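As C-alpha cells, the structure follows; a few thoughts come after it.
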Amino acid sequence: MQLIECAKAAGVTPDTLRHYLRVGLVVPDGRGTNGYRAFSDRSVVRVRFIRNALALGFTLKDAAEFVEMSQRGASPCPRARALLSKRLDEQARRLKEATDLHRRMQQAERDWKRLPDGVPDGHSVCGLIEGADADVQRNSVRAKSRRVRA
C-alpha cells in the first residue's frame, strides 16, 4: 500500500506518517514499481503502536526506544512500566498545580465581582491584579493549613 493508504489504515494523517518516516520510527518496506514508498500491514501495526504510546503519555523518543529494544529481542515492557510510573507522578504534580491555579482563579473571580474597576493613575496598571498578590498569598497559606489539618 502507498503512504496515504497506510496513514488512513493506521488512523493518522499522511503528514504524521511522513514525520514518523523522517525520524526513523517507521521504515517503508521498499518501493513499488511506480517509485512510491510501499508499506505493509506491519507498518500499520507500528504506527498504531506509536499512537497508543503517545496516547499514554510516552514521547516519540520513548516509542523509538521501545521499538529498538524489541528489535534487539529485549522486552521493552519493564522500561515502559518504569517510565509510565515516573510520568504518572509528574502528571499528578502538574494536575495539582493546575488545580491550585484553577482555585486561585475562581477565588479572584469571586473577589473581583465586588471590586470596582480602577482608573489608571500613573502608579498602577490594574488594581485587581496588583491587589491579588496579598489575596493569593493568603489563600495559598489557608489551603496549606487545611491540608495539614486534614
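The values are calculated or read from the model by the stated rules, or taken from the named source; none is laboratory data. Here the structure is a predicted model, which means the values were calculated and not measured. Cβ: placed from backbone, ideal geometry, glycine included. Neighbour counts: every protein chain shown.
A few comments on the model shown:
- Any hit, the stretch 68-76, residues being buried (at least 16 other Cβ atoms within 10 Å of the Cβ) and of a type in the set (Asp, Glu): no
- Taking residues in the stretch 118-138 that are farther than 24 Å from Asp100 by Cβ, and partners anywhere that are modelled with pLDDT of 75 or more and polar (S, T, N, Q), the pairs with Cβ atoms closer than 9 Å and at least 6 places apart or on different chains are Gly118/Ser124.
- Exclusive hit being exposed (fewer than 10 other Cβ atoms within 10 Å of the Cβ) and either in contact with a strand residue (DSSP E or B) (Cβ under 6 Å, 6 or more places away or on another chain) or free of Cβ contacts under 8 Å to residues at least 40 places away in the same chain (or both), set Lys86, Lys113: Lys113
Residue-by-condition table, conditions (1) crowded, with 17+ Cβ neighbours inside 10 Å; (2) in contact with a strand residue (DSSP E or B) (Cβ under 7 Å, 6 or more places away or on another chain); (3) not assigned by TED's automatic domain parsing to the domain that holds Leu88:
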residue: Ala7; (1), (2), (3): yes, no, yes
residue: Gly11; (1), (2), (3): no, no, yes
residue: His19; (1), (2), (3): no, no, yes
residue: Val23; (1), (2), (3): no, no, yes
residue: Gly32; (1), (2), (3): no, yes, yes
residue: Phe39; (1), (2), (3): yes, no, yes
residue: Lys61; (1), (2), (3): no, no, yes
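- Residue in the stretch 138-147 that is at pLDDT 85 or above and either within 27 Å of the chain's Cα centre (by Cα) or loosely packed, with under 10 Cβ neighbours inside 10 Å (or both) present: no
- Within the stretch 5-115, helices (runs of 4 or more DSSP H) holding 3 or more residues that are closer than 30 Å to Ala132 by Cβ: 77-113
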